[in-house]
1. Any chance you could count how many residues in region 50-71 are more than 15 Å from residue 23 (Cα to Cα) and touching a strand residue (DSSP E or B) at 6+ places or on another chain (Cβ under 8 Å)?
2. Only one residue in 90, 53 is closer than 17 Å to residue 2 by Cβ, touching a residue at least 40 places away in the same chain (Cβ under 8 Å) and in a helix (DSSP H, G or I). Which one?
3. Tell me which residues, restricted to region 1-47, are more than 21 Å from residue 83 (Cβ to Cβ), touching a residue at least 12 places away in the same chain (Cβ under 8 Å) and part of a loop (DSSP other than H, G, I, E, B).
4. Can you tell which of 25, 47 is surrounded by fewer than 13 Cβ atoms within 10 Å (Cβ to Cβ), modelled with pLDDT of 95 or more and touching a strand residue (DSSP E or B) at 6+ places or on another chain (Cβ under 7 Å)?
5. Scan (1) over 14 Å from the mean Cα position of the chain (by Cα); (2) over 17 Å from residue 2 (Cβ atoms); (3) in a strand (DSSP E or B) for the single condition residue 102 breaks and write down its number.
6. Please find, among 8, 17, the residue that is over 20 Å from residue 109 (Cβ atoms) and in contact with a helix residue (DSSP H, G or I) (Cβ under 7 Å, 6 or more places away or on another chain).
């Protein structure tokens, strides 16, 4: 998922924003959906996107904070997720050099 968002510690990052990539890998039981071909029997990816988008719209200083919010919101919103991995990348961070991106990766299991 690709977003223009306003995360960063510097004033111009908060004002101008930057491009961020969010990758989510989820483990869940898809057996029933594989048989029925019904959306109701699996995880609706649109709803996952909506949760990620909502969290990306909340400005934060640190990508670590944004990533944790997204991870926690997904675990809370979708109990059918057994485990997930999330990677949040800030493209072209202002580090004074040619840096493609900086990333944070988190993982969780859903113990509900």
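1. 2
2. Numbers: 90 fails: in a helix (DSSP H, G or I).
Only one candidate passes the filter, namely 53.
3. Those that are more than 21 Å from residue 83 (Cβ to Cβ), touching a residue at least 12 places away in the same chain (Cβ under 8 Å) and part of a loop (DSSP other than H, G, I, E, B): 6, 7, 8, 9, 10, 17.
4. 25
5. Status for residue 102: all satisfied but (2).
6. On the way: 17 fails: in contact with a helix residue (DSSP H, G or I) (Cβ under 7 Å, 6 or more places away or on another chain).
Criteria check complete, one pass: 8.
The values are calculated or read from the model by the stated rules, or taken from the named source; none is laboratory data. Quick caveat: nothing in here was measured; it's all calculated off a predicted structure. With ideal geometry, Cβ positions are generated from the backbone for all residues, glycine too; neighbour counts draw on all protein chains shown.
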